[in-house]
Structure formats: C-alpha cells, structure tokens
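Each remark here refers to the structure printed beneath this line.
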Amino acid sequence: MSVLAVLWFFLIFVLIAGYFILDGFDLGAGVLYPFIAKNETEQAIVRRSIGPVWDGNEVWLLTAGGALFAAFPDAYATTFSGFYLAVMLVLFGLIVRAVSFEFWAADKKWRAVWNVCFFVGSLLPALLLGVAVGNIMGGIPMDANGDYMGVPLLGLITPFTLSCGLLGLVMFLAAGACWLSLKAPLDSEVRARARKLRFPLQVIALVLFAVVSFLAIQQVLPNSGITLFIPAVAFAVLFIIALALAMYFGEKKGCSDLYAFLSQSVGTFSLTGLLACSMFPNLVVASPDSIGSNITLMSAGASELSLTCMTIIVCIGLPLVLIYHVVIYRTFRGRVDYADIAEH
C-alpha cells in the first residue's frame, strides 16, 4: 500500500470536511432563508452575512473533486458517472444560487424569483451531497469494470442513503443557524429566529446520527467492513460531544454564539472523519449484488509520480488558500451592521 495513496485518501476527506464546514453554513443559511428572513431588510442581513465568503467556500468542493480525479481516477470515473444526474442537480443548484446573489440587489422587480432561486439552489446541494456520501459508503451496483450499473438517481435512494442525506441537510441547517446567530445584528429578528432554531436542529441531528449509525451497523459495515475501528469510535464520540457543547453554548446566557458555531464546526469535521475511518481503504463500496469488487486506494491509485507531484502542489497551494480564508474572514469579522445593508 503506497504511503502517498494513503496520504491522499485522508487529504481528500480533509478537503471534503473543509467544504462541509465552510460552505455548509452558507448552504444552511440559504435553506433557512425563507423561514428566518421575513422582509427585505432581513433578507439583506442573511445575504450580507454570507455574501463575502460563499464563493471562496466553494473552492474546497472543486479542489476535492480535482484531487479525486488526479489521485484516484477510477473512483472519480465511477462516482461521477454513476451519480451523473445528482451531480448535475448539485451544479444546477450552485449556479442558480450564484445567479440569485448577483441579481437580487440589482433587479428589485424580480426579487421574489431570486429568493426562490436562492432557496432551491441551497437546498439541492445540501440534501444531495449527503445522499451521495451515503451511496459511496453503503454500496452501489458495479460491473466487472467498476462501472455503475443501476438506475440513475432513483436507484440511489435507500433508507440508509436518505437518512444520510437528511443528516447532512440538518447539519447544514444547524451550521446555518449558528452562523446567522453569530453574524446577524444583536437586536435583529433574524438572530432571534436563528437562535430558536439552532437547538432543535442539533437535537434532530443527534437523532439522525443514531439512525444512520444503526443502519450502518445493520446493513453497511457487514458488507464493507471497518479497518480503523478505534479512530472511528473516537470520531463518533467527538461528534456527540461537539454537538452537546454546541447546544450548551447556544443556550448559555451571554454572547456564546462564536463557541456554538465552533463546536458545530468540530461536529461536522468529526462526522467527516468518522466517514473516512469507516470507509478506509475503500473509495467506493460495491453493493452485494455487484459483479465487481470495491474500488480501493490500492486498486484505483494514480502513479507514484502523479501523487508526488500532487503532494508538492498541495504543499504550495493549500497554505495560500488558508491565508486567503484568514484574510477574508478577518476583514469581514463582526456582526452585520444595518449601515452595510442600507444600499440594498
């Protein structure tokens, strides 16, 4: 087993975790948008809270996809061809969401349309990404060449994958509520509504985590197996502790919104870590009725030269991306000010 292949297996999950944490909260805010923002001023607060950072957050998804393509091309081919319709729906949602950002402020006559686009464009990725993760872990039917041989989209919906999709959606919603509680003005109704939604969403996330864990133990792990058992248990415990802390800080008197958001983010990271440990060394699990076998990092890995070049590139590029995020988040730190949205 190549050391570089193992390294890139976990690096891809780190990139996925970065996307789920950073773009997760703005996708969640977009889904909560019609329920939290009741007038144009409140809508402007939500949009302003994520406006400076949302496009940079999506870089993590593009980087994860590019890394999968370069490091494990066979796994990339199977997942992106098998989930073609789902991938196109996610891209459609992200595009529609981006368009709604640009046109909402400039085209006031069509604001109702752009509001719907913003909601739908946030909901599709937030739900379908979890369903896709559930399929990769739960197993998909593959032929001897490792190609997906099921029914597009409908064949990917099972109780386990749907539970994963709902868990991902609720985690995004909870992150969005935490972010809006942190960024909205202290006296705004947006913050008050977000704080009310935050706790029940986190409780639902814990319940769904229990459901997904039960289904995984009953249906998934007997098929795929689990190699890194102790780290997986550690990440599961960390997830529960992080969500419990997020609920504690969220309900604590005083301004604990930052700690609630950070705890929620740790929960998202630990959930991704649990996924990585549960799948290792599999990249795509074959369902029991498959002709082909699991796609693993040993069978799908690129050449040592390719992985070496990628490692050099990531050592240069990743710090630059992190510096960019530090600069952006420091520049736009603090709560949204009513003066910031007056121009809208």
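Helix-derived [θ] at 222 nm for the chain: sum -39500 (n - 2.57) over DSSP H runs of at least 4, divide by residue count, nearest 500? Spell out each step's value before the answer.
Details: 14 runs with 257 residues, N = 344.
Value at 222 nm, helices only, nearest 500: -25500 deg cm²/dmol.
By how many degrees, between 0 and 90 and to the nearest 10, does the Cα long axis of helix 159-183 differ from the longest principal axis of the chain?
The angle comes out at about 30 degrees.
In degrees from 0 to 90, rounded to the nearest 10, what is the angle of the helix 73-82 Cα long axis to the longest principal axis of the chain?
Tilt relative to the chain: about 60 degrees.
Give the shape of segment 126-241 as rounded, prolate or oblate, defined through the alpha-carbon gyration tensor: a ≥ b ≥ c are the square roots of its eigenvalues, a/c under 1.5 means rounded, and otherwise the shape is prolate if a/b is larger than b/c and oblate if not. Intermediate values should be presented prior to the final figure.
Values: a/c = 3.08, a/b = 1.85, b/c = 1.67.
It comes out prolate by the Cα gyration axes.
Within 10 Å of each candidate Cβ there may be at most 14 other Cβ atoms; applying that plus a DSSP loop requirement, which trypsin sites (Lys or Arg not before Pro) in segment 29-111 survive?
Details: sites: Lys38, Arg47, Arg48, Arg97, Lys108, Lys109, Arg111; in loops: Lys38.
Answer in residue order: Lys38.
If you fit an axis through the alpha-carbon atoms of helix 84-106 and take the longest principal axis of the Cα set of the chain, what angle between them do you get, 0 to 90°, nearest 10?
20 degrees
Can you work out the Karplus-derived ³J(HN,Hα) for every residue in segment 313-325? Use 6.51 cos²θ - 1.76 cosθ + 1.60 with θ = phi - 60°, whole Hz, and x for glycine or proline.
With coefficients 6.51, -1.76 and 1.60, one gets 5, 5, 5, 8, x, 4, x, 5, 5, 5, 4, 4, 5 Hz.
Tell me which label goes with the value of Rg and Dmax of the Cα atoms in Å computed from the coordinates here: (i) 20.2, 62; (ii) 20.4, 70; (iii) 25.2, 87.
So the structure-derived entry is (i).
So what does log10 I(q)/I(0) come out to for segment 222-344 at q = 0.21 Å⁻¹, using the Debye formula with one equal point on every Cα and no solvent?
For segment 222-344 at q = 0.21 Å⁻¹, log10 I(q)/I(0) is -1.19.
Past the 24 Å Cα-Cα mark, which pairs from Lys109/Lys183; Lys109/Lys196; Lys183/Lys253; Lys196/Lys252; Lys108/Lys196? Working shown, then result.
Numbers: Lys109/Lys183 27 Å; Lys109/Lys196 32 Å; Lys183/Lys253 17 Å; Lys196/Lys252 13 Å; Lys108/Lys196 30 Å.
As for pairs spanning more than 24 Å Cα to Cα, those are Lys109/Lys183; Lys109/Lys196; Lys108/Lys196.
For segment 5-79 and segment 238-254, what is the separation of their Cα centres, given in Å?
23 Å
For Ala286, what residues show an amide H to amide H distance below 5 Å, using hydrogens built from the backbone and excluding near sequence neighbours?
Those qualifying (amide H under 5 Å, at least 5 residues apart or on another chain) are Ile140, Asn294, Ile295.
In percent, what relative contact order does the chain have, based on Cα pairs under 8 Å that are 6 or more apart in sequence?
On the way: 513 pairs, mean separation 90.8, N = 344.
That works out to 26 percent.
Over the Cα atoms of segment 103-144, how large are the radius of gyration and the largest Cα-Cα distance (Dmax), in Å?
Using the Cα atoms of segment 103-144, the pair Rg, Dmax is 17.2, 55 Å.
Mind sorting Asp74, Asp147, Asp23 by how few other Cβ atoms lie within 10 Å of their own Cβ, fewest first? Kindly include the intermediate steps, with their values, before the conclusion.
Values: Asp74 18, Asp147 15, Asp23 27.
Listed from fewest to most nearby Cβ atoms, that is Asp147, Asp74, Asp23.
Taking H placed 1.01 Å from N in the peptide plane, check which residues at least 5 places from Ala184 or on another chain put their amide H under 5 Å from its amide H.
Those lying under 5 Å, H to H, from Ala184 are Val336.
Quick note: the coordinates plus some simple rules give every number you see, no bench work behind them. These numbers were taken from a predicted model, which means no experiment stands behind them. Quick reminder, even Gly has a Cβ in these numbers, built from the backbone with ideal geometry, and neighbours come from all protein chains shown.
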